[in-house]
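The values are calculated or read from the model by the stated rules, or taken from the named source; none is laboratory data. Bear in mind the structure is a predicted one, so any value in this text is a computation, not a measurement. Every residue, glycine among them, receives a Cβ derived from its backbone with ideal geometry; neighbour counts consider all protein chains shown. Surface areas here come from the heavy atoms of the whole protein model, side chains and all, with no ligands, DNA or RNA. Shrake-Rupley method; radii C 1.70, N 1.55, O 1.52, S 1.80 Å.
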Amino acid sequence: MHYRLFCQTPESRFIEIECRIENIVEEVVEIQLPAWRPGRYELQHFAKNIQQFGVFDKNNHPLTFRKITKDRWRVEVGFETEITLRYNYYANVQNAGSSYVSPEFWYINPINLCVYAEGRLDEACTLELDIPDDFRIACGLRKQGKQLLAKDYYELVDSPLLASATIQCQSYEVEGVRFFVWMQGNIKPNWQQILIDFEKFTRSQIEMMGSFPEAEYHFLNLILPTPYYHGVEHRHSTMIVLGPDDEGEGLYTDLLGVSSHELFHAWNIIRIRPQELLPYDFTKENYFSTCFVAEGVTTYYGDLFLRRSGVFDDAAYYRELQVYMKRHFENSRHAAQSLTESSWDLWLDGYEKGIPQRKVSVYHKGALVALILDLTIRKIHHHQRSLDDVMGILWDRFGIPFVGYTLEDYRAVVEEVAGDSLEWYWNDCIVGNLPLENHLNHALAWVGLQMVSFSDGTVHLQELENERATLQRNKWLNP
């Protein structure tokens with residue numbers, strides 16, 4: 001499948017798409033636009049942004065088609081061997097999973113607007129951008145001028161792009177892998193500090209996991225004048241939207257936090273992927289119960305790597321831990337659902353506030369139970385084993401061969417590393433909804449920390465005066 005994107009009037013926010021499909025042998029072809037995007041497990045119905053849609057043969061004669069679902073079309077091809085789809089898409093949103101066009105820059109998530117022909121997802125794709133000659137393209141895909149090359153449709157739609165004449169870029173290298181940091185927006189980056197800090201947390205992650213999945217990686221950053229915080233993981237890149245652009249140190253702290261989190265996703269979810277998501281079915285919900293592993297463990301490690309690598313000091317790391325605690329205990333301490341139930345129900349209302357005390361956050365509670373598990377394993381084995389070993393085994397057994405894991409697989413690997421069934425952990429923290437306070441403070445006490453709850457429902461993280469616990473904490477934060 002071959003795509004060409006152009007925009008005659010960028011101010012209108014409408015982008016025009018031509019999709020050429022060749023070597024057709026069927027008399028009927030079904031065309032699908034994805035209903036959701038990886039990294040956000042909810043139906044988003046991108047077809048609602050299509051204003052006009054048409055299908056033509058190679059002589060530009062219109063072909064008969066009809067819509068058979070909200071985002072699927074059936075085309076009567078007859079004996080034609082090549083067709084061209086022509087349609088437009090309203091690209092007017094700037095978050096980390098949308099698309100936006102203006103005279104100044106393009107921001108495209110191909111999954112929003114690139115249709116596919118049923119049965120041809122594994123074929124190579126090209127994406128041609130009809131953009132001004134002075135625009136630079138930031139994208140993880142291979143480039144040939146203004147054309148991007150993808151091995152298949154799955155790679156194409158997992159590769160967002162930025163294009164503009166003002167985009168800034170610097171790069172660094174770790175273990176033979178080149179990492180690019182792109183910045184679009186009204187900002188003057190401190191490149192020296194960015195490259196030092198990014199190299200530190202990148203090296204820390206690669207050292208723990210043993211190898212990196214890609215030959216190069218791109219941090220695509222869109223910096224807005226308004227408050228924003230959003231990042232999405234992709235195969236060989238991440239798309240990050242932050243703001244406001246005048247926030248200074250706060251903006252940089254956000255950049256570090258979301259970048260470290262998204263980089264760890266290059267292993268955890270992009271390659272170490274739940275079995276239910278292999279392959280992605282873009283037409284409907286892909287239910288799975290382990291998003292607390294995909295997002296919770298990643299949230300935990302995102303900030304821990306910043307501490308381990310020396311980008312954060314103890315105080316900065318404690319502030320991040322306290323954020324998870326406050327968001328969980330002050331908002332959903334007594335929620336009815338377990339982590340597995342809330343993982344499953346992401347497709348229902350996981351990204352909305354929802355009714356009181358129904359669901360928990362796979363990010364915040366997921367990070368806290370990852371913390372409990374890490375410290376538990378470390379205590380059992382005197383730091384000789386940890387959650388690091390769990391992730392390493394998942395990478396070797398499921399990520400590198402790219403076969404997908406189940407909840408039962410995750411439990412088996414955890415218990416293999418721990419050398420214990422940890423029945424209390426699964427019953428209380430994962431598949432049950434017992435409040436976490438006791439288990440969390442029991443784990444934290446071993447490293448000289450404590451969460452204190454106040455009568456108004458707020459929580460605070462305290463450091464305890466205990467020489468032995470301080471020694472354990474140092475081994476945890478500086479393995």
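The set of residues in region 409-427 being touching a residue at least 24 places away in the same chain (Cβ under 8 Å) and outside any helix (DSSP H, G or I) consists of 419, 420, 422. Screening residue 327 with (1) without any contact (Cβ under 8 Å) to a residue 12 or more places away in the chain; (2) within 16 Å of residue 440 (Cβ to Cβ); (3) among the basic types (Lys, Arg) gives one miss only, at (1).
Looking across region 414-461 at every residue that is open to solvent by 10 Å² or more (accessible area, probe 1.4 Å) and on the phi > 0 side of the Ramachandran plot, the one that is modelled with the lowest pLDDT is identified as 457.
Tell me, yes or no, whether region 377-389 has at least one residue that is small (Gly, Ala, Ser) and assigned to a loop (DSSP other than H, G, I, E, B).
We begin by selecting, within region 377-389, every residue small (Gly, Ala, Ser); these are 386.
From what is left, the residues that are assigned to a loop (DSSP other than H, G, I, E, B) are 386.
Checking region 377-389: at least one residue is small (Gly, Ala, Ser) and assigned to a loop (DSSP other than H, G, I, E, B).
Of all residues in region 107-123, those satisfying the criterion of being surrounded by fewer than 23 Cβ atoms within 10 Å (Cβ to Cβ), in a loop (DSSP other than H, G, I, E, B) and either acidic (Asp, Glu) or touching a residue at least 60 places away in the same chain (Cβ under 8 Å) (or both) are 118, 120, 121, 122, 123. Within region 429-448, how many residues are touching a helix residue (DSSP H, G or I) at 6+ places or on another chain (Cβ under 6 Å) and either without any contact (Cβ under 8 Å) to a residue 12 or more places away in the chain or among the basic types (Lys, Arg) (or both)? So the answer is 1. Within the span defined as region 3-14, one or more residues are within 29 Å of residue 350 (Cβ to Cβ) and either among the polar types (S, T, N, Q) or within 33 Å of the chain's Cα centre (by Cα) (or both).
Consider region 90-105 and keep the residues that are open to solvent by less than 10 Å² (accessible area, probe 1.4 Å) and not polar (S, T, N, Q). The one that is farthest from the chain's Cα centre (by Cα) is 101. Based on what the data block shows, is residue 397 in a loop (DSSP other than H, G, I, E, B), without any contact (Cβ under 8 Å) to a residue 24 or more places away in the chain and more than 19 Å from residue 301 (Cα to Cα)? Judged against the criteria, residue 397 is not a match.
I want to confirm something. Restricting to region 243-267 and keeping residues that are over 18 Å from residue 195 (Cα atoms) and at pLDDT 95 or above, which single residue is most open to solvent (accessible area, probe 1.4 Å)? Within region 243-267, the match that is most open to solvent (accessible area, probe 1.4 Å) is 244. Tell me, which residue of region 48-61 that is without any contact (Cβ under 8 Å) to a residue 60 or more places away in the chain and either polar (S, T, N, Q) or open to solvent by 100 Å² or more (accessible area, probe 1.4 Å) (or both) is farthest from residue 36 (Cα to Cα)? Only one residue tops the list, namely 59. Within region 378-393, being open to solvent by less than 40 Å² (accessible area, probe 1.4 Å) and among the charged types (D, E, K, R) holds for 378, 388. Across region 288-332, what is the number of residues that are open to solvent by less than 40 Å² (accessible area, probe 1.4 Å) and assigned to a loop (DSSP other than H, G, I, E, B)? So the count comes out to 6.
Among the residues in region 355-362, are any of a type in the set (Ser, Thr, Tyr) and open to solvent by 10 Å² or more (accessible area, probe 1.4 Å)? Within region 355-362, one or more residues are of a type in the set (Ser, Thr, Tyr) and open to solvent by 10 Å² or more (accessible area, probe 1.4 Å). Scanning region 73-88 for residues that are open to solvent by 30 Å² or more (accessible area, probe 1.4 Å) and within 26 Å of residue 158 (Cβ to Cβ) yields a single hit, 86. Looking across region 457-469, the residues that are without any contact (Cβ under 8 Å) to a residue 60 or more places away in the chain and under 21 Å from residue 437 (Cα atoms) come down to 462, 464, 465, 466, 469.
When residue 278 is tested against (1) surrounded by 16 or more Cβ atoms within 10 Å (Cβ to Cβ); (2) touching a residue at least 60 places away in the same chain (Cβ under 8 Å); (3) touching a Gly at 6+ places or on another chain (Cβ under 8 Å), just one condition goes unmet, and that condition is (1). Beta carbons closer than 9 Å, at least 6 apart along the sequence or on distinct chains, pair a first residue in region 179-192 that is farther than 17 Å from residue 165 by Cβ with a second that is surrounded by fewer than 22 Cβ atoms within 10 Å (Cβ to Cβ) and of a type in the set (D, E, K, R) for 179/173; 179/199; 179/216; 180/216. Of all residues in region 75-106, those that are over 18 Å from residue 234 (Cβ atoms), part of a loop (DSSP other than H, G, I, E, B) and polar (S, T, N, Q) total 2. The criterion of at least 2 residues that are open to solvent by less than 20 Å² (accessible area, probe 1.4 Å) is met, among strands (runs of 3 or more DSSP E) falling completely within region 124-242, by 125-129, 136-139, 147-150, 161-164, 168-174, 177-185, 216-223, 228-233.
In this structure, does residue 343 turn out to be in a helix (DSSP H, G or I), closer than 27 Å to residue 411 by Cα and small (Gly, Ala, Ser)? Lay out the reasoning, then the answer.
Values: in a helix (DSSP H, G or I): yes; closer than 27 Å to residue 411 by Cα: yes; small (Gly, Ala, Ser): yes.
In short, yes.
When residue 140 is tested against (1) among the small types (Gly, Ala, Ser); (2) at pLDDT 95 or above; (3) within 30 Å of residue 27 (Cβ to Cβ), only condition (3) is not met.
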